Amino acid sequence: NDSTADLVISYANYIGKSGVINAKEYKDWHVGTNEIDRLFLEYDLSWQTSPWAKFYKIEKCKSLLFTEGMHIGEDLVFLYRYIMKCDSIQILSNKFYNYDISQENTLTKRIGCLNVELFAHDTIYGMLNEFITYYNIVNENVLKKINWIKAYYVHRVLNSLYHTPNLSKTQRNKIIEQLDIDIYLTHMKFSSMKERLLKFLLQRKKYQIYDVLRKLIVVLK
């Protein structure tokens, strides 16, 4: 291992109810600052953003804090901002961390209050644009992975809209119109018939009908 690296990334053994799940294997690699694309294409930086199984330099952390008021996505923001301060990154093939996925009770699966979700969305969206500019990312496949992150946080805001009481239809429509719906429609998966119908309505900007259907879905659950 390279002790001079500013960031060392290890990965985890995922533990399910039946034991260790054979997750993807990663090769040892010393990352240069001109090779950030590979972190997304080969090392899953678009979703491997948790703070565990990573080693940071204390002196580079001093000017970085987890964003106050963020209860979802703060790990991603911290990691990407930290990477922009790095001169070198070391990837380890050895896995030193066991992660229990048998309990489906993670914060990422919960719907937060609207203000929290909007704050996370806006913070992450701005940070990702900063990251793209900083590294001059132009590779389409890398941009797709980054845009998937943006789409995921649009998805969270949309869910929160329909779990927030005392919100008027006008307020919901105003927020929807401010979101990057094109990125959401392009990069999120819509598997069920219900999801495909909602996608169809958003594609055609039928926000009024979309709103009625979303409210109905919540009532019928």
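How many of the residues making up the range 76-92 are closer than 11 Å to residue 31 by Cα and hydroxyl-bearing (Ser, Thr, Tyr)?
The number of residues fulfilling the criteria is 1.
Just name the residue that is least open to solvent (accessible area, probe 1.4 Å) out of those in the range 47-66 that are among the small types (Gly, Ala, Ser) and more than 18 Å from residue 27 (Cβ to Cβ). Before the answer, list the steps.
Of the residues in the range 47-66, the ones among the small types (Gly, Ala, Ser) are 50, 53, 63.
Remaining after also requiring more than 18 Å from residue 27 (Cβ to Cβ): 50, 63.
Numbers: 50: 20, 63: 86 Å².
In this case the residue turns out to be 50.
Looking only at residues in the range 192-212 that are of a type in the set (A, V, I, L, M, F, W, C) and either touching an Asp or Glu at 6+ places or on another chain (Cβ under 8 Å) or open to solvent by 40 Å² or more (accessible area, probe 1.4 Å) (or both), which one is farthest from residue 158 (Cα to Cα)? Talk me through it step by step, then tell me what you get.
Applying the first criterion (of a type in the set (A, V, I, L, M, F, W, C)) to the range 192-212 yields 193, 197-198, 200-202, 209, 212.
So of that shortlist, the ones also either touching an Asp or Glu at 6+ places or on another chain (Cβ under 8 Å) or open to solvent by 40 Å² or more (accessible area, probe 1.4 Å) (or both) come out as 193, 197, 200, 209, 212.
Working: 193: 18, 197: 15, 200: 15, 209: 15, 212: 13 Å.
Ranking the candidates gives 193 first.
Considering each of 27, 57, 17 in turn, give the residue that is more than 27 Å from residue 117 (Cβ to Cβ), basic (Lys, Arg) and at pLDDT below 90.
Just one listed residue meets the conditions, 17.
Which of the residues spanning the range 39-78 are out of contact with any helix residue (DSSP H, G or I) (no Cβ under 9 Å at 6 or more places or on another chain) and closer than 22 Å to residue 138 by Cβ?
Those that are out of contact with any helix residue (DSSP H, G or I) (no Cβ under 9 Å at 6 or more places or on another chain) and closer than 22 Å to residue 138 by Cβ: 42, 43.
Being touching a helix residue (DSSP H, G or I) at 6+ places or on another chain (Cβ under 8 Å), exposed (fewer than 14 other Cβ atoms within 10 Å of the Cβ) and touching a residue at least 40 places away in the same chain (Cβ under 8 Å) is the requirement here; does residue 32 meet it?
Judged against the criteria, residue 32 is not a match.
Can you work out which of the residues in the range 4-56 that are touching a strand residue (DSSP E or B) at 6+ places or on another chain (Cβ under 8 Å) and part of a helix (DSSP H, G or I) is nearest to residue 72 (Cα to Cα)?
39
The values are calculated or read from the model by the stated rules, or taken from the named source; none is laboratory data. Predicted, not measured: the structure shown is a model, and the values here were computed from it. Note that each Cβ is placed from the backbone with ideal geometry, even for glycine, and that neighbours are counted across all protein chains shown. Keep in mind that these areas ignore ligands, DNA and RNA; they rest on the heavy atoms of the full protein, side chains included. Shrake-Rupley method; radii C 1.70, N 1.55, O 1.52, S 1.80 Å.
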